[in-house]
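The values are calculated or read from the model by the stated rules, or taken from the named source; none is laboratory data. Given the structure is predicted, the values throughout are model-derived calculations rather than measurements. With ideal geometry, Cβ positions are generated from the backbone for all residues, glycine too; neighbour counts draw on all protein chains shown. Just the protein is used for accessible areas: all its heavy atoms, side chains included, with ligands, DNA and RNA removed. Shrake-Rupley method; radii C 1.70, N 1.55, O 1.52, S 1.80 Å.
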Amino acid sequence: MDSPSGAELVGRAWCATVAEFERNLETVRAGFEEYSTREVMGDAGLVRHACYNLGAYRGPSIFLYDAHGDGIRTREHLDRVLERLESAWVVPADVHY
């Protein structure tokens, strides 16, 4: 984490987390205006899927995890993780499930 490449990986992952959250939030906002309750229940425009992603604690919309395997979903959580570690490792991984 102390290396420039480690800090860059964390920065890019955090930016991806924020971008994915914003994309899902926009889908939900627009979908609630455009679709009826019944249509949202049927996942019209993938609105219901976007709602799921907004509330997710793991999965494709979460790019950073702490040492316990918990998804880092807020900047405050990321800051707490980084502050508590004397020595941190950044482990890039791509897991498909």
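For residues in region 77-92 being open to solvent by 80 Å² or more (accessible area, probe 1.4 Å) and free of Cβ contacts under 8 Å to residues at least 12 places away in the same chain, which is farthest from Arg23 (Cα to Cα)?
Per the criteria, the residue is Glu86.
Could you please find all residues in region 21-51 being of a type outside the set (S, T, N, Q), surrounded by 15 or more Cβ atoms within 10 Å (Cβ to Cβ) and at negative phi? Outline the logic, then answer.
Residues of region 21-51 that are of a type outside the set (S, T, N, Q), as a first pass: 21-23, 25-26, 28-35, 38-51.
Now restrict to residues that are surrounded by 15 or more Cβ atoms within 10 Å (Cβ to Cβ): 21, 28, 31, 35, 40, 43, 45, 47-48, 50-51.
Residues satisfying the conditions are Phe21, Val28, Gly31, Tyr35, Val40, Val47, Arg48, Ala50, Cys51.
With respect to Val40, determine if the residue is in contact with a Phe, Trp or Tyr (Cβ under 9 Å, 6 or more places away or on another chain) and β-branched (Val, Ile, Thr). Can you show your working first?
On the way: in contact with a Phe, Trp or Tyr (Cβ under 9 Å, 6 or more places away or on another chain): yes; β-branched (Val, Ile, Thr): yes.
Answer is yes for this residue.
Which members of region 1-43 meet the condition of being more than 29 Å from Glu83 (Cα to Cα), over 21 Å from the mean Cα position of the chain (by Cα) and assigned to a helix (DSSP H, G or I)?
If the condition is that a residue be more than 29 Å from Glu83 (Cα to Cα), over 21 Å from the mean Cα position of the chain (by Cα) and assigned to a helix (DSSP H, G or I), then Phe32, Glu33, Glu34, Thr37, Arg38, Glu39, Val40, Met41 are the ones that fit.
Here are some conditions: (1) touching a Ser or Thr at 6+ places or on another chain (Cβ under 6 Å); (2) within 16 Å of Ala88 (Cβ to Cβ); (3) of a type in the set (A, V, I, L, M). Ala50 meets all but one. Which one does it not meet?
The failed condition is (2).
Answer yes or no: is there a residue in region 55-76 that is surrounded by 14 or more Cβ atoms within 10 Å (Cβ to Cβ), part of a helix (DSSP H, G or I) and either of a type in the set (A, V, I, L, M, F, W, C) or without any contact (Cβ under 8 Å) to a residue 12 or more places away in the chain (or both).
So far as region 55-76 goes, no, none of its residues is surrounded by 14 or more Cβ atoms within 10 Å (Cβ to Cβ), part of a helix (DSSP H, G or I) and either of a type in the set (A, V, I, L, M, F, W, C) or without any contact (Cβ under 8 Å) to a residue 12 or more places away in the chain (or both).
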